[in-house]
Structure formats: structure tokens, C-alpha cells
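Notes for the one structure printed next.
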Ligand code: SAH
Ligand code: SF4
């Protein structure tokens, strides 16, 4: 059996990393491009059918595959569930250590979006989120994030060879900014135009509000979109729903968002899951307007997807909430309800088929 300790995943490598390794083994640097293309753009899992330069071909035969130095992350699909809308598919994918994560492929208006997980479980414990309720298991490696995108890419190509993924959202299981290094490394690979090539402006990182990481995104001028899950307009309202706000207060979070906006000039998307009687009142909307004053903000309202014990706001209340924000000049839209029937909606991602320890 292959030992994890001696095998590296090719998906963990960015272009330069792959090139360094090839060159160290005597392969000419300019051959990297062909291999990278096969690996990332064509999402191949079997390289034997592809003609490469003879030294590269030999290198692949010697080094890549089960029991060899390198392998590609084998995500084993445990299940695939189709939503009745016909446009959403959820994949349950088993990682090498047996953890099961979820990836969702959504196809609307011929623009396909993939939603990936960044952790197995999540440490943040939001009360209305199924992933939060299962607790933290572990961070994903960059290669495990890349592998989810490539899995969706293969499925999409089978459906229609001309289609490619246009958008990526980090809204699956886990808190991306709690796994900063791996996420940023993975996004560098995924946005590389020589490979998968999803544009940075089509990639959204959604965070519960890990303040130091938001400031880091700004300081590093990372080109991705930022979505902040807010859900509450004062400390009390928010911390009842989002325990992480006891660590990073709403005041700190908003100040980090202001700083992010100033440094990057980017608009911030604020996500607001509407929960009946808890954060959908007129007063809450007015407080939210005050809170976000001066920030280039777009507010995304998410009708709560049912998870144990929590109910969504009635749609009239949601629409009234939206009206108030719009009248104050904030762009404010409702997130489409996607894949609810397959438990692939936001916050419903929880590996039901996770093997018990
Ligand atoms: N951890 C990150 C990203 C994953 S959650 C975050 O919290 O932003 C993605 C989005 O789904 C978040 O906006 C989250 O608040 C929302 N969400 C979680 N549970 C939900 C539920 N039951 N119904 C609707 N949205 C939910
Ligand atoms: Fe984690 Fe996001 Fe779920 Fe909160 S909403 S528990 S941060 S995945």
C-alpha cells in the first residue's frame, strides 16, 4: 500500500513548483507547460494516452501513479445526488484518510459554478449551519481543494465537452480563512490561465469573519472577491448566531472590512441568512444600514435552508428587509435557492455518509 508520507500530490504543486521538480530531474523547463495543461486544463487522470516529449513521458511513467513518488489526489466519489431542478449536483467525495467532503456543481444560464469545501467540518459552530454542528475535523490541503474543482470539471465535460467552469465559490464545508495558506495556494493554481483558468474576479471567498485573515487578504492585495457572512447588526444579535463573533467582535470585523475596502478598492459582499424573528426585523435593517455606512457593500440575502431547529424568515418579511436596504442605496439581492432538495443548499453541507471512527 502507498504510504501518504512518501507520496506527494501533484495537485499540491503550482506551475513553478512542478517546473522546479521536473528541472531537478533533468527535464527541460519548457516541457512543464504540456504536462501542466494535461494535468490541470484537461484534468486527465491517465497520462498514457497523451503524447509528451520522450524524457517527460519517461519521467511520468517512473514517478507518477499508485505507489510512486507522485500521484494525483484520488477523490473517490461516494455518491452523486441530483437536485430536482436538474441544475445542481452534489458530490460526496472521500479523501484518502476516509473523510468525506462535499462539492456542488451548479449550472445556471450556461454559467457553471462550483462550490468547494476548504475543511472537513468547521470549527466556527454557527448555530444554523449543518457543517458547524458537526465540528472541526481537519484542514484540506491545497491539492484537495484543486481536486474538487477538477472533479466538477470532468463531470461538466462529460455533460457537454464545450462547457467549462466559470465561477468558483468557497462556500462548501469549512471556513476558508481558517485555512488561509492552503486556500490561497489552491486559488493560485485554479486561477492560473495555463491550467483551469477561472478568473480571480470570478472566485469568491466567503468568510464568517476571521479578522486577521481579512486584513491579510488586503495587505497582500489578493485579487479574489470577498464575501463576509454577517447575519447580525449588533454584537448581541450576531453572537447568538455566530459564536466566532465572540473571538472577533462585530466592531472589529466591520473595521477590518473598512480597511479592506480602502486598501483594495474592492466591493464587499455581505451575506445575510434570514432567520425568522431573529435577524429580519425593521430595526435590524436600519441598524445594518448604519453599520455599513460608507462601505462599498452588496448585500446578499439567503433564505435560511432548513437545518435542525432553525426556520427561515417568511418571504414577506425578507422582501420588506430587502426594500429597506435598497431604499438606503445598498444593492441587495436574494440568493437563489439551489439544490435544497439534495441538501446542497448553503449550510446544509454535511457528509451524511461519513464513516464513523
Ligand atoms: N464558512 C464560510 C463559508 C461556508 S458557509 C462562511 O460562513 O461564510 C457559506 C454560506 O452559507 C455562509 O454565508 C453561511 O452563513 C451560509 N449558511 C450556513 N448555513 C446556512 C443555512 N442553513 N441556510 C442558509 N445559509 C446558510
Ligand atoms: Fe463554518 Fe461557515 Fe457553517 Fe459558520 S456558516 S459553521 S463558518 S461553514
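The values are calculated or read from the model by the stated rules, or taken from the named source; none is laboratory data. From a predicted model like this one, the values you see are computed outputs, not experimental measurements. So basically every Cβ, Gly included, is an ideal-geometry build from the backbone, and we count neighbours across all protein chains shown.
Table for the structure above
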| read-out | value |
| --- | --- |
| Residue satisfying condition, being assigned to a loop (DSSP other than H, G, I, E, B) and modelled with pLDDT of 95 or more, within set 254, 198 | 198 |
| Filtered residues of the stretch 228-249 (kept if buried (at least 20 other Cβ atoms within 10 Å of the Cβ) and either more than 10 Å from ligand 2 (Cβ to nearest atom) or outside any strand (DSSP E or B) (or both)) | 228, 230, 231, 232, 233, 237, 238, 241, 242, 244, 245 |
| Filtered residues of the stretch 201-221 (kept if part of a loop (DSSP other than H, G, I, E, B) and crowded, with 20+ Cβ neighbours inside 10 Å) | 208, 209, 210 |
| Looking only at the stretch 61-73, and only at residues there that are touching a residue at least 60 places away in the same chain (Cβ under 8 Å) and in contact with a helix residue (DSSP H, G or I) (Cβ under 8 Å, 6 or more places away or on another chain), the one that is surrounded by the most Cβ atoms within 10 Å (Cβ to Cβ) | 73 |
| Qualifying positions in the stretch 160-176 - outside any loop (DSSP other than H, G, I, E, B) and either free of Cβ contacts under 8 Å to residues at least 12 places away in the same chain or buried (at least 24 other Cβ atoms within 10 Å of the Cβ) (or both) | 168, 170, 176 |
| Single condition residue 289 does not satisfy, out of (1) within 13 Å of ligand 2 (Cβ to nearest atom); (2) on the phi < 0 side of the Ramachandran plot | (1) |
| Scope the stretch 291-319; condition surrounded by fewer than 14 Cβ atoms within 10 Å (Cβ to Cβ) and in contact (Cβ under 8 Å) with a residue 40 or more places away in the chain; matching residues | 308 |
| Meets criteria (assigned by TED's automatic domain parsing to the domain that holds residue 121, at pLDDT below 95 and on the phi > 0 side of the Ramachandran plot) for residue 67 | no |
| Failed condition for residue 242, given (1) touching a helix residue (DSSP H, G or I) at 6+ places or on another chain (Cβ under 8 Å); (2) within 16 Å of ligand 1 (Cβ to nearest atom); (3) within 28 Å of residue 102 (Cα to Cα) | (1) |
| Residues satisfying the stated conditions in the stretch 95-131, i.e. within 11 Å of ligand 2 (Cβ to nearest atom), without any contact (Cβ under 8 Å) to a residue 60 or more places away in the chain and not in a loop (DSSP other than H, G, I, E, B) | 121 |
